[in-house]
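Presented below is the structure to which this report refers.
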């Protein structure tokens, strides 16, 4: 639902992967954003209206993304699709991060652009910045990538995990993923991706932004 820039990009991406796609928007003119070779359905209507959803094939849908410009419309549409038609794989874009967390706990996966954008800017501008990859608010665990002080180069994963209280999920080395052991050593250019408790963000950022304690 929603044929803005995000919706059009999603529709094109899903179709390129071999999926059948239907896209809904209140304005017929919005479909001009779709590529000229788009083969999916273009449905003009309100995205939470049941007749509109049925026309789009919701009864046989595997997934639904609500990415219109309105938080209320996205949540309403996501709830109708999930609760009325039993589509479990539902995502809604919510600008208000507080509301996004509430609906995420209710089982509707949400994407909150404001905190995501701010995290991206912080990660690019400040030493020790962090980039959120995935957060499960129901259990308070997150997968994040971290910048780190050069003082950590040459140190082992075991040392880093002990100092931060995290688990290193993988390293990005020369555009390839490395699944490290405790003996793996950080090398220049390694991208660091860790699993951590959400509440530990400030502490982990602080530890990694400084050189580790000198080994005795």
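Assorted remarks:
- By the count of neighbouring beta-carbon atoms within 10 Å, fewest first, 110, 138, 205 end up ordered 138, 205, 110.
- Mean shadow area of the chain, taken as a quarter of the surface of its Cα convex hull (nm²): 13.9
- Between the Cα long axis of helix 5-16 and the first principal axis of the chain there is an angle of about 90°, rounded to the nearest 10.
- Here 148, 85, 103 are placed in order of increasing Cβ neighbour count within 10 Å, fewest first, which gives 85, 103, 148.
- When the chain is treated as a GNM with alpha-carbon contacts under 10 Å, the residue of 166, 52, 181 showing the greatest mean-square fluctuation is 181.
- Angle in degrees between helix 113-125 and the longest Cα principal axis of the chain, rounded to the nearest 10: 30
- Exposure proxy ranking, count of Cβ atoms within 10 Å, fewest first, for 83, 15: 83, 15
- Cα long-axis angle, helix 71-85 against the chain (0 to 90 degrees, to the nearest 10): 70
- Ordering 174-180, 1-7 by mean Cβ neighbour count within 10 Å, with the highest value first, yields 1-7, 174-180.
- Within the chain, DSSP assigns beta bridges of which about 65% are antiparallel (rounded to the nearest 5).
- The mean sequence separation of alpha-carbon pairs under 8 Å and at least six residues apart, normalised by the residue count of the chain, gives a relative contact order of 13 percent.
FYI, it's all coordinate maths here, none of it is from the lab. This is a predicted model, so every value here is computed, not measured. Virtual Cβ from ideal backbone geometry, glycine too; neighbours counted across all protein chains shown.
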